[in-house]
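Below is one structure, written out as structure tokens; comments come after it.
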Amino acid sequence: MEFSIYKQVITREDFITDLREKGMDRVGDSINYNSTRIIDGEEKDASMKVDFFFKLDSDDLVEIEWAKYWGNYFGDDSKNTKSVESAFGMVVIEIEGDVFAISLGRGHSYASNTADMDFGFDIAEIIHDESSIEIKSAKFFKQTKNKSLTQYNVNSFVTSEIGESHELLVSKISLKDKYSELLLHEYEDKMKFGSAVKLNVNDYKPNDILDIVHELNYLLLNEEKSGSLPRMNFLKNNEDNAPMIADLDRRLLTGILDGDTSVTLSYFIEDDGDIFIEPANDDQIEIVYKKVIP
């Protein structure tokens, strides 16, 4: 079983309101948890407020493993079942003003809407082991052409190129000796980095997962990056970015009218082989394509 950890850019209250508007219900009561980690011989404490939300879209067929895992922690012994890809779960964690979400089932489609899109790669730049990169997926944006490339490597070092935007990195992790008492220091499986950090649950208990969120947040705030993983910057539609967005819109329109620009779908979500296009703020997307018959 794997969990994806997203960092949110909105408050806990706003995130919970958004989940409720999408039909998700609270499971149990909020839990206050105090996490203590030992770093370089010194205790680091953090207070957490943790909530669990759940939604089922269709008829019950099979028991949901992760709903049982977190439901028991929140005092809910009910048996939740699902049909294929119908269950949505979210663990909301507030830690010292920062908000994280553990997406469960199809919950990633909600967590990603308000996520810090750089979080996964920001963490990767701190802890990924360059000598154990297994998969690296990236897009290349150059004047001559754009392309997507996924590299599969075993114990080999992968370099970055000019115009490269990383989309997925799978590797083991490596931490400094001063973090030897952290759970992450003993983590031996591959970790997946994108907009989120995805890890295997293994034998971890729910409190262990919360401690790992504490550890990730500490590393993000206090540890220097060991390398650079370039990626696209997503411009939020706000007043600060308005001049840059307007300039990009003009360049794109000019290119389309002049016939010099080929517009392609460059951002989407892939889940178990399925492609999901998720417009922001209920925008509509029109897909125009050519059907090639051999």
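Going by what's in this entry, would S112 be described as part of a strand (DSSP E or B) and either of a type in the set (G, A, S) or out of contact with any helix residue (DSSP H, G or I) (no Cβ under 6 Å at 6 or more places or on another chain) (or both)? Here the answer is no, as S112 does not meet what is asked. Within region 18-29, one or more residues are farther than 21 Å from N72 by Cβ, out of contact with any helix residue (DSSP H, G or I) (no Cβ under 6 Å at 6 or more places or on another chain), among the acidic types (D, E) and in contact (Cβ under 8 Å) with a residue 40 or more places away in the chain.
Quick check on S156: is it small (G, A, S), surrounded by fewer than 17 Cβ atoms within 10 Å (Cβ to Cβ), in contact with a Leu (Cβ under 8 Å, 6 or more places away or on another chain) and modelled with pLDDT under 85? Give the derivation first.
Working: small (G, A, S): yes; surrounded by fewer than 17 Cβ atoms within 10 Å (Cβ to Cβ): yes; in contact with a Leu (Cβ under 8 Å, 6 or more places away or on another chain): no; modelled with pLDDT under 85: yes.
Criteria not met by S156.
Cβ separations smaller than 8 Å between residues 6+ apart or across chains give no pair from region 107-131 residues that are of a type in the set (K, R) to residues that are assigned to a loop (DSSP other than H, G, I, E, B) and modelled with pLDDT under 90. Scanning for something out of contact with any Cys (no Cβ under 6 Å at 6 or more places or on another chain), at pLDDT below 85 and at positive phi, does region 181-200 turn up at least one residue? Checked against the condition, which is being out of contact with any Cys (no Cβ under 6 Å at 6 or more places or on another chain), at pLDDT below 85 and at positive phi, region 181-200 yields no hits at all.
Might you check whether a residue that is acidic (D, E), part of a strand (DSSP E or B) and touching a residue at least 40 places away in the same chain (Cβ under 8 Å) occurs anywhere in region 35-53? Walk me through it before giving the result.
Filtering region 35-53 for residues acidic (D, E) gives 40, 42-43, 45, 51.
This time we only want the ones that are part of a strand (DSSP E or B), so: 42-43, 45, 51.
Add one more test, that the residue is touching a residue at least 40 places away in the same chain (Cβ under 8 Å), and what stays is 51.
Among the residues of region 35-53, at least one is acidic (D, E), part of a strand (DSSP E or B) and touching a residue at least 40 places away in the same chain (Cβ under 8 Å), which makes the answer yes.
The values are calculated or read from the model by the stated rules, or taken from the named source; none is laboratory data. The structure presented is a predicted model; accordingly, all values stated were derived computationally and were not measured. Counting neighbours? That spans all protein chains shown, and the Cβs are built from the backbone with ideal geometry, glycine included.
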